[in-house]
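The values are calculated or read from the model by the stated rules, or taken from the named source; none is laboratory data. From a predicted model like this one, the values you see are computed outputs, not experimental measurements. No Cβ is skipped: glycine too gets one built from the backbone with ideal geometry, and neighbour counts run over all protein chains shown.
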Amino acid sequence: MLELSKVANVEIARLCHAEELAFRIRNRRNKQLGLWLAAELDLTEDALGYAKTVVAIGIVEPNDEVLVRHLQEDLSRRGVRIPEAAIRFELERQATLAVRECSSLQPSTSVVH
């Protein structure tokens, strides 16, 4: 029974780690997306503030559809036209980069017996 408990604890730890990693990847992706959009909007003084806002939106509503819609609405209010396809392309590009960056920061998970 103790062995089963150990296995369950390992599985719980693995799932928690996976969730935390996904959260970090999503936030890094959203930050980089926000910096890209800030550059498109010529927000040189407040680029980081804009990126933090994009990250916050993603935390409150972790749904890419909602994020893209919110960004399009913001761009529209500012009178800037960036096609949805361009935003989605950049979202995917930044996701790929974020996975690489976060994976390189992870400690080795090899197990020595």
- Message: When you scan region 4-22, do you find a residue that is assigned to a helix (DSSP H, G or I) and touching a residue at least 24 places away in the same chain (Cβ under 8 Å), even just one?
- Response: yes
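Results for (1) out of contact with any Asp or Glu (no Cβ under 7 Å at 6 or more places or on another chain); (2) modelled with pLDDT under 90; (3) among the β-branched types (Val, Ile, Thr), shown as yes or no for each residue.
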site	(1), (2), (3)
Arg14	yes, yes, no
Asn30	yes, no, no
Leu41	yes, no, no
Thr44	yes, yes, yes
Val55	yes, no, yes
Pro62	yes, yes, no
- Check off (1) under 17 Å from Glu84 (Cα atoms); (2) modelled with pLDDT under 95 for Trp36 and give me the number that stays unchecked. (2)
- Query: From the list Leu75, Leu67, which residue is closer than 23 Å to Phe23 by Cβ and part of a helix (DSSP H, G or I)?
  - Reply: Leu67
- How many of the residues making up region 51-110 are surrounded by 15 or more Cβ atoms within 10 Å (Cβ to Cβ) and β-branched (Val, Ile, Thr)? 8
- Note on the structure: Of the residues in region 28-81, those that are over 20 Å from Leu97 (Cβ atoms), in contact (Cβ under 8 Å) with a residue 12 or more places away in the chain and aliphatic (A, V, I, L, M) number 3
- Task: Only residues in region 82-100 that are over 13 Å from Gly34 (Cα atoms) count as the first member; pair them with residues that are in a helix (DSSP H, G or I) and among the aromatic types (Phe, Trp, Tyr), Cβ under 8 angstrom, at least 6 apart or cross-chain, and list the lot.
- Result: none
